[in-house]
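The values are calculated or read from the model by the stated rules, or taken from the named source; none is laboratory data. These numbers come from a predicted model, not from an experiment. When we count neighbours, we look across all protein chains shown, and the Cβ atoms used for this are built from the backbone with ideal geometry, even at glycine. Please note that ligands, DNA and RNA were not included when accessible areas were found on the heavy atoms of the full protein model with its side chains. Shrake-Rupley method; radii C 1.70, N 1.55, O 1.52, S 1.80 Å.
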Amino acid sequence: MSVLAATDQPTLEDFGTDVWWIVVIKVVGVFGVLVVMTLFAIVFERKVVARMQQRSGPNRVGPRGYLQSLADGLKLAFKEDVMPAMADKPVYFIAPVVATIPAFLAFSVIPLGPEVSIFGQQTPLQLIDAPIGVLIVLACSAMGVYGIVLGGWASGSTYPLLGGLRSAAQMVSYEIAMGLSIVAVFLYAGTMSTSEIVAAQAGGNELDFFGLTFQGPSWYAVLLPVSFVIYVIAVVGETNRAPFDLPEAESELVGGFHTEYSSLKFALFFLAEYVNMVTVSALAATLFLGGWRAPWPISVWDGANTGWWPLLWFAGKVVAALFVFIWLRGTLPRLRYDQFMRFGWKVLVPTALVWILAVATMRTVSREYDLSSGEVALYVGVPIAAVVLGVLLVASRRANRDTRIAALNAAAGSINPTEPEVLPPVRTAGARRRPAQRSGPARAEGGFPIPPMDLVVPPSPRLGDGEPVAAGSVVSTGRRSRPTPATEEPDA
């Protein structure tokens, strides 16, 4: 019997036929799942990082500190809403909403389980699906960066603008690598529907090894390891998570694109980041880890993939993916911006293109010689993946050879220290200018990227409609203030 014809596997024909109250229940359920997973992810991250750093972490609010994220959300809701005086107020207000809404919409095509009964109505445990379901997730993730860019520009400050521009360049670079990594999954599954991709990973693959027939793996994380590795790296970069959190680098940009935000507006940016983490983790489980289907050896149980049990297996895979996000943050230092962009364009994108050619070749060989996809992937794809990953490792070590030697010499007390780039003294009558010739590498030659000191934020056209803003006015609460009496001294 075909997997798509099984009673527990929904197909595209099963969507769009639900009654209205079932749709409302699904919408509220997806929203509730994302909010609860966000609260869990915040506490989970603080607990795991605390354990890695040998400290206790949150342990005051609620039993064992498990209500700390809820307390943080309530605290942000009641904090004073401070708005910069130079901000474009409508854009400043709507930017967090633009960043948050696509993060919630992307989860609508994620399959959480098979067909279940809700108050006597049979319905798939998924809000909606389409023949291009995965592209909906990519489109929503691309739309979210508009909120970050608009928030950085509308703040009317230099460092938020730099953080927003960094995020836009980061999204463009790593969105390409992430999209290319998913192409191999489309070639193997033969569809872009999320529910059918889960079905394509069911049942395993019959493998023949020197006359011995056995059941091989069916997860695309095993059959397409290069795609899985590229996807994991790309989504960490796209969600602005450490070690790729360049748009909010505290050592360079104070706080990044949300430096001038507070209260609920900052909470929305915070919520969007964690919802994006949950969404890309759920997409990784769907595309590469079998979706809601139970892993081995739980899959040996006949009822493992029926009823509401698959929701538990899916949640376990998402939590495991979230742990990888937290693990990376607790162990790896932040990259320099030039290293980060060079890695995306010169390593991930070419590797993904070469891997797509290899996968297309494997698919052609399997059709021409009547071989199963699992046999070709195991006997041809895995060796090719090992060669590609080995070449990347050797190339990375050769590219970083000079840096490693310099670091070892510096640790051993080298007598030839690296000369830092020396900036000219600041001119009092004009902007700081760089000399025509200087010691140290230039930015185009791989030098450390620093923000320009003479950057001017483009002013909002709405500021010219009202009264001019005084030079000393930095922030305002958005409320009309009373004039300061002559007998009182203004605040410093």
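Numbers at a glance
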quantity: Selection within the range 273-309 - in contact with a Phe, Trp or Tyr (Cβ under 9 Å, 6 or more places away or on another chain), modelled with pLDDT under 90 and among the aliphatic types (A, V, I, L, M); calculated: Ala294, Ile298, Ala304
quantity: Tally of residues being assigned to a helix (DSSP H, G or I) and either modelled with pLDDT of 90 or more or under 15 Å from Met341 (Cα atoms) (or both) across the range 222-254; calculated: 14
quantity: Residue satisfying condition, being open to solvent by 40 Å² or more (accessible area, probe 1.4 Å), under 27 Å from Gly147 (Cα atoms), touching a helix residue (DSSP H, G or I) at 6+ places or on another chain (Cβ under 9 Å) and assigned to a helix (DSSP H, G or I), within set Pro90, Pro96; calculated: Pro90
quantity: Residue list for the range 50-87, restricted to those being of a type in the set (A, V, I, L, M, F, W, C), farther than 13 Å from Ser155 by Cβ and part of a loop (DSSP other than H, G, I, E, B); calculated: Val61, Leu67, Phe78
quantity: Of residues in the range 68-77 being of a type in the set (A, V, I, L, M, F, W, C) and in contact (Cβ under 8 Å) with a residue 12 or more places away in the chain, the one most open to solvent (accessible area, probe 1.4 Å); calculated: Leu70
quantity: Residue under evaluation Arg342, criteria (1) under 29 Å from Ala395 (Cβ atoms); (2) touching a Ser or Thr at 6+ places or on another chain (Cβ under 6 Å), criterion not met; calculated: (2)
quantity: Close pairs from the range 140-151: first over 10 Å from Ala106 (Cβ atoms), partner outside any helix (DSSP H, G or I) and modelled with pLDDT of 85 or more, Cβ under 8 Å, at least 6 apart; calculated: Gly151/Tyr261
quantity: Test: residue in the range 314-321 that is under 22 Å from Ala142 (Cα atoms) and modelled with pLDDT of 85 or more; calculated: yes
quantity: Residue pairs meeting the criteria (Cβ under 6 Å; at least 6 apart or on separate chains; first part of a helix (DSSP H, G or I), in the range 178-195; second open to solvent by 40 Å² or more (accessible area, probe 1.4 Å) and of a type in the set (D, E, K, R)); calculated: Leu187/Arg363
quantity: For Ser117: the one exception among (1) out of contact with any Gly (no Cβ under 8 Å at 6 or more places or on another chain); (2) in contact (Cβ under 8 Å) with a residue 40 or more places away in the chain; calculated: (2)
quantity: Test: Ala130 is at pLDDT below 90, in contact with an Asp or Glu (Cβ under 9 Å, 6 or more places away or on another chain) and assigned to a loop (DSSP other than H, G, I, E, B); calculated: no
quantity: Extreme residue, most open to solvent (accessible area, probe 1.4 Å), among residues of the range 287-346 that are under 23 Å from Asn240 (Cα atoms) and among the hydroxyl-bearing types (Ser, Thr, Tyr); calculated: Thr331
quantity: Residues (part of a loop (DSSP other than H, G, I, E, B) and either surrounded by 22 or more Cβ atoms within 10 Å (Cβ to Cβ) or touching a Pro at 6+ places or on another chain (Cβ under 9 Å) (or both)) located in the range 255-282; calculated: Gly255, Thr259, Glu260, Tyr261
quantity: Residue count for the range 13-33, restricted to those that are in contact (Cβ under 8 Å) with a residue 12 or more places away in the chain, under 17 Å from Gln122 (Cβ atoms) and open to solvent by less than 50 Å² (accessible area, probe 1.4 Å); calculated: 5
